[in-house]
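Worksheet for the structure shown next.
Every number in this text was worked out from the coordinates using simple rules, so none of it is lab data. Treat the numbers as computed from the prediction; the structure is a model and nothing was measured. Quick reminder, even Gly has a Cβ in these numbers, built from the backbone with ideal geometry, and neighbours come from all protein chains shown.
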Amino acid sequence: MLDFHLHRQQGAFTLDATLKVPARGVTALFGRSGSGKTTILRLIAGLERPDHGHLRLDGECLTGGENDIFVPAHRRRLGVVFQEPRLFPHYSVRGNLRYGMPRALTPAQRQQNQSRLHEMVTLLGIEDLLSRMPGQLSGGEARRVAIGRALLSRPRMLLLDEPLTGLDGARKQELLHYIARLAREIEIPILFVSHDTRELFAVADRLALVDNGRITASGEIGDMLSRLDLAPQTGRFEAGSLLTAEVLSHDDDWQLTRLGLGAGLSLKLARLAMPVGRRVRLRLRARDISIALETPTHTSLRNALPAVIHEIESERGHASAELVLGIAGQRVRARVDRLVCQELGLKVGLGVKALISSVALSGPDVISLDAMDDDIPVVNAAQLSAAQPNATQTDTAQAKAPNDAGSASPAS
């Protein structure tokens, strides 16, 4: 577990942030540009030093304490991936990946390195890129290589600083897929910095909101996104909910998939390329949910789920009202006109029908919670951390890179 309280004064900007990050899963630092997210990450990585505070990882003090400890970046064993991949231009993809690996002094160590490299290449889907130079990679490919290089250094934690910035829609979706997959298949924590709500839906397990240098709230992402009091920070237009579901069946004739939500409830959406039994996380946008007092007839809406209103927030000056519904024991946000609330007599405790169009949901709104491919090996903590400490994958490693071209590396 990562535990920190960090204070740093930068001109007129004051950072005073406190957070505990679990030992596994993805914790997202979310906030607008300039809120302090990257500064927090750099302080954790050891690239900057706080004015005071403490930082502990797995019980080890890296910053602060009674003796004012400050462990340098290259001894922290943290994998860091920046907005720019920062690959060594004179190394091939294979050379970049092998650079962060420990030096192999014996045949057994060389075999271990080779096996680990193969596992990482397979996990990231970059088998066909190994002989390419960084200048021949797309933005998404380069960032996958950067993530692989960081993981092959056997870090105790992976820090991702807005790794999707500047990518187009298709490349961003591709990399989101791989980050979500990594989160399921490696057993080290990931700290993910972002200012895009859609990225959080895809990869985060926990959410920490950063505003003006402070972490104002943190918790499980589903709980955080359903809190109406946090709407100004989490965003209103893209506001929504995350539901846990299971693939129950496919209808090949009509190209539909039925997802089970629990308590005997299910909903239909466009067919998913996932097997029956797969556990998934489903994103429902608040603006895509309508409310009815009874199940309507003669309508194009395919899903009418029984729900109970838990909360209503209706403010004068806003055209819409925000609702929190209980559906199969899960919290779901909905947005309706304030006038509709009055006309339908909506109130806390009232049973209603939540209407959801099947075409409002698509593949990107559904993320698998299980391994995507049974033949992909899980990279566990022992594989990543068993060896001696290695240099952090940061500017420090960039500065130490050798000048000779090609794919040879110290890890060969």
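What number comes out for the charge environment of Gln83, summing +1 per Lys or Arg and -1 per Asp or Glu over other residues with Cβ under 11 Å away? Show your work: numbers first, answer last.
On the way: positive: Arg86, Arg143; negative: Glu84, Asp161, Glu162.
Net local charge, Gln83 excluded: -1.
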Can you give me the long-range amide H partners of Leu325? Hydrogens built in the peptide plane at 1.01 Å from N, cutoff under 5 Å, separation of 5 or more residues or another chain.
His310, Val332, Arg333, Ala334
For the stretch 83-188, just run the numbers: alpha carbon Rg, then divide by 2.2 N^0.38 Å, N being how many residues it has.
1.04
Fluctuation leader among Pro275, Pro107, Pro155 - the chain, Gaussian network, Cα springs under 10 angstrom
Pro107
Ranked Met133, Met120, criterion: other C-beta atoms within 10 Å, fewest first
Met133, Met120
How much length is gained if the chain between Arg338 and Ala270 is pulled fully straight, taking 0.36 nm per residue apart and subtracting their Cα-Cα distance, in nm to one decimal?
21.4 nm
Note: probe point = Cα of Phe70 + 7 Å toward Cβ; backbone nitrogen < 18 Å; residues of the stretch 14-43 passing the test are 15-17, 39-43
Over the Cα atoms of the chain, what Rg and Dmax result, in angstrom?
23.4, 77
Taking a straight Cα-to-Cα line shorter than 25 Å from Lys37, and setting aside same-chain lysines fewer than 8 residues away, one finds Lys20, Lys172
Would you mind counting up the charge near Arg24? Only other residues with Cβ under 11 Å from its Cβ, with Lys and Arg at +1 and Asp and Glu at -1.
0
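Give the shape of the stretch 16-60 as rounded, prolate or oblate, defined through the alpha-carbon gyration tensor: a ≥ b ≥ c are the square roots of its eigenvalues, a/c under 1.5 means rounded, and otherwise the shape is prolate if a/b is larger than b/c and oblate if not. Before the final figure, lay out the partial values.
Details: a/c = 1.95, a/b = 1.11, b/c = 1.76.
Taking the square roots of the gyration eigenvalues as a ≥ b ≥ c, the stretch 16-60 is oblate.
What range in the chain is the longest one free of trypsin sites (Lys or Arg not before Pro) that are in a loop by DSSP and have at most 10 other Cβ atoms within 10 angstrom?
1-315
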Distant-in-sequence amide H partners of Met157 (H built 1.01 Å from N, under 5 Å)
Gly79
Hey, rough spin-label estimate for Arg302 and Leu350, points 7 angstrom out along Cα→Cβ, what's it come to in nanometres?
2.9
Label the stretch 218-364 by shape, choosing from rounded, prolate and oblate, from the square roots a ≥ b ≥ c of the eigenvalues of the Cα gyration tensor; if a/c is under 1.5 it is rounded, and otherwise prolate applies when a/b is larger than b/c, oblate when it is not.
prolate
